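Here the structure comes first, spelled out in C-alpha cells, and everything after it is commentary.
The values are calculated or read from the model by the stated rules, or taken from the named source; none is laboratory data. None of the values given here were measured: they were computed from a predicted structure. Backbone-built Cβ (ideal geometry, glycine too); neighbour counts: all protein chains shown. Remember, those area values only see protein heavy atoms, side chains included, never the ligands or the DNA or RNA. Shrake-Rupley method; radii C 1.70, N 1.55, O 1.52, S 1.80 Å.
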Number of protein chains: 2
Amino acid sequence: VNPCDLLSDVAPVDAAAAAAMRERIDSLTKPQGSLGRLEDLAVQLAAIAGGMPAHRYEARAILVGVGDHGVVAEGVSAYPQAVTAQMVRGFLAGTAAIGALARAVRADLVVANFGASEPLPAHADLLDLCVARGTANFASGPAMTSEQVDAALAAGAAAVTAMRARRPLEALALGEMGIGNTTSAAALTAALCDASAERTVGRGTGIDDERLERKIEIVRAAVARVAGRSWQAIVCEVGGFEIVALAGAILTAARARIPVVLDGFIVASAALVARAIAPHAIGYCIAAHRSREPGHGIALARLGLRPYLDLDLRLGEGSGAALALPLLEAAARMACEMKTFAEAGVAGARP
Amino acid sequence: VNPCDLLSDVAPVDAAAAAAMRERIDSLTKPQGSLGRLEDLAVQLAAIAGGMPAHRYEARAILVGVGDHGVVAEGVSAYPQAVTAQMVRGFLAGTAAIGALARAVRADLVVANFGASEPLPAHADLLDLCVARGTANFASGPAMTSEQVDAALAAGAAAVTAMRARRPLEALALGEMGIGNTTSAAALTAALCDASAERTVGRGTGIDDERLERKIEIVRAAVARVAGRSWQAIVCEVGGFEIVALAGAILTAARARIPVVLDGFIVASAALVARAIAPHAIGYCIAAHRSREPGHGIALARLGLRPYLDLDLRLGEGSGAALALPLLEAAARMACEMKTFAEAGVAGARP
C-alpha cells in the first residue's frame, strides 16, 4: 500500500464528544467560560479521544525527528552540518535543552534519525529510520525523489508505531533537529500557503543580514519552480526528510486518536504537509507556542491554530511542545476532577 | 513594629547573580537567546535566589487569599456573597478548579481566610487569619480602617510564615476568592495607576451591561474621593482584606527571596499595593497569564511584567498562577542540567 493513501485515512475529531464535554464544563463550579482556552483544550481532547480524555496524560512522549539538508552548502545556516549529529548525541546523553525540559514535564524522549548526514550512534532511545544521508541541495534541483517522500512518510509512521509498541502513548509532542531546516520550512510554508519568501524566511539560529538575503533568494527561486504544483511536487523540490517524516507521525497519531503537540516553525511546516494529505489531521494538533520565526505565524494561520505559550522561543528540538504538555494534564484534570454546581451544592449556579 | 515598616524592607534582586546566570546560559549547547523568555525566567530566578536557583522548585505551593466585599450590596457581581464560603469548601474538598490544577502541577494548596463574611469550617489546609467579616461598602464610605490595613498586611505575612513553618517553600503562587473583588481591584488599579474607571472595570464573573455601568459608576465615584492621596488612603477607601493581605504575602516572600507567581487582575492589584510599599518587591514577581479583565493589562504595564501564558482565563483562584509553576522548574532545570558547548564538545560554538 502506498503510505500516502494509507495515512490519508484520518477520521474527523468527534463533534458529539466535544459537545458533551462542553456541556460538562459549563456545569462545573466556576463561571461559564472562565477557564477560557483551558476549557477549549479540554473540549478538543475529548473530541480527539472520542469521549472522556485520558485523565492525566501521564503516558506522554516527545519525538525529535532528525534530518540534514543539502541546502546548507549555500551558507544559509550559522552552524556547520556536523552539528546535527553532535546535538543528537547531546539529546541522547540528556544534556541538551530538550533533555532538561523532558524531565521537567515528565515525558519520555525519543529521537528518530530520518536523514542525518552522518551515522548516529546506536542508543535505546534512538530510532534508526534513515531515508538517506541528507537531502540534495534544493538550490540546484529537487531535495528528494518521490520515492523518498513516500519513504519519509512511512518512516514517520514507523516511529510512532515503534513508540506505541514500546509503551502506552496518550500524548505526543513533536520536535526536530537539522541544521538548515528553517530554509526548507520557509520554502514549504511559502509554497503551501501562497506567501512570499520575504515573509516566511527568518534568521533561524541567528544568521546575519548577508546570509538572510541569500536565504531569501534561494527560497524565492525554489518556490518559483513549484508555483501551482501539487503538494507532492512541492515536497520533492524543497522538503526535508525529518519534516516529511513528522507529517507521517502526525497522520499516524491522528489515526490513533492521540493528541499531537506541535513545536515551532519546522513542525508547523510538517503539519502543513499533513494537512495537504489529510485535512482532518489538524483537528488532532495543538500549537504549543509562537516562534520568533516570521513564517510560523503564516503557517499557524493556515492551520487555524493559536498557541498557548508566549515565550519567544526559536530553538526547536521540541522545546516549546514539551513545555505545553502540562497544559494537557491540567485541562483533563479540570474536566475529570471538578464537581458541578449541583454536586457541590453551590448557590448561584449559571449566571 | 508597624507591619508596613517591617515589610517595606525588601532588598533588590541580585544583579550579580543575574549576570552570572546569563553568562552560563549563553554558553549552553543552543544558539544564544534561542530559549527566549525561558532564559529570562532562569535569570530572574537566579537574581531572586542570589545565586543558583532551586533545581526543581518542587517545594511549590498555592496560597488562595479569601475575603468578602461590602460593595456587593450595590449589585456589582453576578453571584451572592454566600458563594465565597461555598467556593472555599470546594477548595478544601479538592473539587474546585484550583484543586484539580494544584494536583496537575504538583503544588500544595493552602487557603487563608483574610476576611470572609461567614465563618469557614476548620480544616488542616485553611489558615484562619480573618481581619473582619468582610469590608464595608465603599460606595458609601471607606472599605476599611487604617488599623485594618495594617492587620491585613500582617495577616498576609503570617500566612507565608505559617506555610514556611509547615514545610519548605521554594516557589509561591498566589490566588484569591472573594465575590465582588474585581470591583475593589478595578478601583485600586485606577487609583494607583492613574487610569479611568472605564479602563479598569470589566465584567468579572460575567455581569450584564446594566451591572457593568453601575460598577463603573461606583468605581469612578470612589476613586474620585482619593485622587492624589497616599496609597494608605487609597487602600482604606477601596481595598479588600484578601488583596491587602496578598500584598503582605508578596512582601514577605520577597524578603525570603522566594519567587512569587501572580495570578490575574486581583493579585496584580495586590502587587500594585506591594509596589507602593516596597518597589523592589516586584523583582520577585512573575506574571503568569494575561486575564480578560481590561484592568489587568494596565496593572501589568505599571508593574513592568509580561505574562507567559495566553489562555483567556478570568476565573481567579490562582488558576493561572498554578499553570505557570511548571515553567519555573523547566527554566531552572535548563540552567542547571544542560551542558555547555565546551563540556559537550559541540562545534560551531557561539555564532
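Remarks
- Any hit, segment B:338-349, residues being touching a residue at least 24 places away in the same chain (Cβ under 8 Å) and out of contact with any Ser or Thr (no Cβ under 8 Å at 6 or more places or on another chain): no
- Qualifying residue in segment A:45-58 (condition: part of a helix (DSSP H, G or I) and open to solvent by 30 Å² or more (accessible area, probe 1.4 Å)): yes
- Qualifying residue in segment A:103-112 (condition: in contact (Cβ under 8 Å) with a residue 40 or more places away in the chain, on the phi < 0 side of the Ramachandran plot and open to solvent by 20 Å² or more (accessible area, probe 1.4 Å)): yes
- Among the residues of segment B:27-69, the one identified as more than 21 Å from B:THR340 (Cβ to Cβ) and among the hydroxyl-bearing types (Ser, Thr, Tyr) is B:TYR57.
- For segment A:66-90, residues that are aliphatic (A, V, I, L, M), in contact with a strand residue (DSSP E or B) (Cβ under 7 Å, 6 or more places away or on another chain) and at pLDDT below 95 total 1.
- If the condition is being within 14 Å of another protein chain (Cβ to nearest Cβ), part of a loop (DSSP other than H, G, I, E, B) and modelled with pLDDT of 95 or more, then segment A:1-32 contributes only A:SER27.
- Qualifying helices (runs of 4 or more DSSP H) (wholly inside segment B:238-316; at least 3 residues being within 24 Å of B:GLU170 (Cβ to Cβ)): B:241-255, B:265-277
- Top-ranked residue of segment B:160-196 - restricted to ones that are among the small types (Gly, Ala, Ser) and surrounded by fewer than 24 Cβ atoms within 10 Å (Cβ to Cβ), ranked as nearest to the chain's Cα centre (by Cα): B:ALA162
Table: residues versus (1) closer than 26 Å to A:ILE234 by Cβ; (2) outside any helix (DSSP H, G or I); (3) not small (Gly, Ala, Ser).
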| position | (1), (2), (3) |
| --- | --- |
| A:ASP150 | yes, no, yes |
| A:ALA154 | yes, no, no |
| A:ALA157 | yes, no, no |
| A:MET163 | no, no, yes |
| A:PRO168 | no, yes, yes |
| A:LEU174 | yes, yes, yes |
| A:SER184 | yes, no, no |
| A:LEU188 | yes, no, yes |
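- Pair list, Cβ < 9 Å and 6+ apart or interchain, from segment B:69-84 residues that are more than 16 Å from B:ASP209 (Cα to Cα) to residues that are of a type in the set (Phe, Trp, Tyr): B:HIS69/B:PHE138; B:HIS69/B:PHE241; B:GLY70/B:PHE138; B:VAL71/B:PHE138; B:VAL72/B:TYR79
- Residue that is farthest from the other protein chains (Cβ to nearest Cβ) [pool: residues in segment B:83-100 that are closer than 14 Å to A:LEU28 by Cα and in contact with a Ser or Thr (Cβ under 8 Å, 6 or more places away or on another chain)]: B:ILE98
The rows are residues; the columns are (1) away from chain B (no Cβ under 11 Å); (2) out of contact with any Pro (no Cβ under 7 Å at 6 or more places or on another chain); (3) hydrophobic (A, V, I, L, M, F, W, C).
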residue: A:ALA247; (1), (2), (3): yes, yes, yes
residue: A:ALA253; (1), (2), (3): yes, yes, yes
residue: A:PRO259; (1), (2), (3): yes, yes, no
residue: A:LEU262; (1), (2), (3): yes, yes, yes
residue: A:SER269; (1), (2), (3): yes, yes, no
residue: A:PRO279; (1), (2), (3): yes, yes, no
residue: A:GLY297; (1), (2), (3): yes, yes, no
residue: A:LEU323; (1), (2), (3): no, yes, yes
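- Selection of segment A:336-351 for residues being farther than 15 Å from B:GLY99 by Cα, crowded, with 17+ Cβ neighbours inside 10 Å and either at pLDDT below 70 or under 35 Å from the mean Cα position of the chain (by Cα) (or both) yields only A:GLY348.
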